[in-house]
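So the structure is just underneath, and the comments pick up after that.
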């Protein structure tokens, strides 16, 4: 299973979780054991690349997204692409992974979207 975490920086497990997944600098990818398998610059259209952020994650094999903030449209698109979305206020990649692995964060629904995107 490939897990993606939107991050600001490329410090691996100590990287800070980005406040909003579509506008992050990088995505840190982990395996089920919490080992970093890769760090990619955000290549979505939000950062001058091609495609929406969920499409970028799917193209890079993500099956799970662990993030801080995410909009309702992104949650829907991730779900349609087979990417399970979980939201948390965890600060680092290691912290959000450990919370997810322990079952302490729930799968995101429309009510979990960022407030600025609910308008």
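Laboratory data are not the source of any read-out in this text; all were calculated from the coordinates shown. The shown structure was predicted, so the numbers you read here are calculated from the model rather than taken from an experiment. Heads up, the Cβs are rebuilt from the backbone with ideal geometry, glycines too, and the neighbour counts pull from every protein chain shown.
Summary table
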read-out: Computed over region 3-110, Kirkwood Rh from alpha-carbon pairs, angstrom; value: 13.2 Å
read-out: Relative contact order of the chain, defined on C-alpha pairs under 8 angstrom at six or more residues apart (%); value: 25 percent
read-out: Pairwise label distance in nanometres, residue 91 with residue 8, each label 7 Å out on the Cα-Cβ vector; value: 1.3 nm
read-out: Bridge type composition, the chain - antiparallel percent by DSSP, nearest 5; value: 65 percent
read-out: Helical contribution to [θ] at 222 nm, DSSP H n ≥ 4, -39,500 (n - 2.57), averaged over the chain, rounded to 500; value: -5500 deg cm²/dmol
read-out: Part-to-part distance (alpha-carbon centres) for region 6-34 and region 54-97, which is given in Å; value: 11 Å
read-out: Residues listed by number, region 29-61, amide nitrogen under 16 Å from residue 80 label point at 7 Å toward C-beta; value: 51-59
